[in-house]
1. Specify whether the C-alpha gyration tensor of the range 108-150 places it in the rounded, prolate or oblate class, a ≥ b ≥ c being the square roots of the eigenvalues: rounded for a/c under 1.5, otherwise prolate if a/b is larger than b/c and oblate if not.
2. Between their Cα atoms, which of Lys152/Lys184; Lys17/Lys250; Lys24/Lys77; Lys17/Lys55 are more than 25 Å away from each other?
3. Say we join alpha carbon atoms closer than 10 Å with springs in a Gaussian network model of the chain; which of Thr54, Thr111, Thr71 then has the biggest fluctuation?
4. Using Cβ counts within 10 Å as a stand-in for footprinting exposure, how do Ile195, Ile123 rank, fewest first?
5. For the chain, modelled as a Gaussian network with Cα springs under 10 Å, which listed residue fluctuates most, Pro124, Pro241, Pro34?
6. Restricting to DSSP loop positions (anything but H, G, I, E, B) with no more than 12 other Cβ atoms inside 10 Å of their own Cβ, which trypsin sites (Lys or Arg not before Pro) remain in the range 1-56?
7. Neighbouring Cβ atoms within 10 Å as the yardstick, rank Cys75, Cys58, Cys257, Cys116 fewest first.
8. Based on the inverse mean of 1/r over its pairs of different Cα atoms, what is the Kirkwood hydrodynamic radius of the range 83-179, in Å?
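Read the figures in this text as sums done on the coordinates, not as results from a lab. Being a predicted model, the structure only gives us computed values, none of them experimental. No Cβ is skipped: glycine too gets one built from the backbone with ideal geometry, and neighbour counts run over all protein chains shown.
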Amino acid sequence: MRILVTNDDGFTAKGIKTLVNILKPYGQITVVAPKRMQSGMSMAVNLGQGPIATKKICAEEGVEWWYVDGTPSSCVKFGIDNIFPPSKPDVVVSGINHGGNYGTAYLYSGTIGAACEAALASIPTVAVSLDAFDPDADFSAVETFFPAIFEKILKEGSKEFGMVYNVNFPKGPASSLKGIRIAKEALLRWKNEFIPYDDELFHKVVREKFGSEAGKFPEAEEGEVRFMMAGDIVNDSADDPEADINLLAKGFATISCHRLLSHDLEENTRLKGLGFETDF
């Protein structure tokens, strides 16, 4: 089996190294991951922004490592178009993300965006995340339980176009995991998302997660006022026992299923019935 592995935390992150070790028994692995942190990029691609740097870092038995100085989706595109031809990967696995990708936050996630890029190319895909931002987090729960999930998805997962399986593990060692649940994404929103930039806070929150290279930027120009994203999560699904964020908080790993094509056929039919369709 030919496996394309990517992430949004960058090719040096502990999570992707752990994922490669998990997947080694399943086949030939090609890692194509961002050169630097690309969290929050969703399905963004590098268009018209100049040359995109790529590099084959190393090859070892069963594993080949590349980086692309671009978004996670760009990494998947590059792998499919430039490394794998004339064949395609049999599966794409994105992760292990440092931090959960649950609720409506999955819409922003570069980890999920990379998986969606694979689904767009009709390749089976799985995204996997650990709800812990610590760069040296304990991945033992993923190491212990993800292989069985991966095998079941490959065997029993939908073969329909555009299906993305999103797997989240709660923070903590394997011994603390209470089980696995099929979940739906919680309705999450944020308030107070932009706060005045605080260099000390930025270093603590961002660079502790993403490393010393994260957030290096030029001096502010005259007249600029700088802010940073922070925000408080509001869980509008707090009373829903099937919502992923609530299950994770109780110590369960979650699997949620997303379709790339999100059109609402019922709403299409309703609008047709209201006379929106007109001939001129």
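1. oblate
2. Going by Cα-Cα distance, Lys17/Lys250 fall outside the 25 Å limit.
3. Ranking Thr54, Thr111, Thr71 by mean-square fluctuation puts Thr54 first.
4. Fewest-to-most Cβ neighbours within 10 Å comes out as Ile195, Ile123.
5. Pro241
6. Those that pass, being in a loop and sparsely packed, number zero.
7. Cys58, Cys257, Cys116, Cys75
8. 14.1
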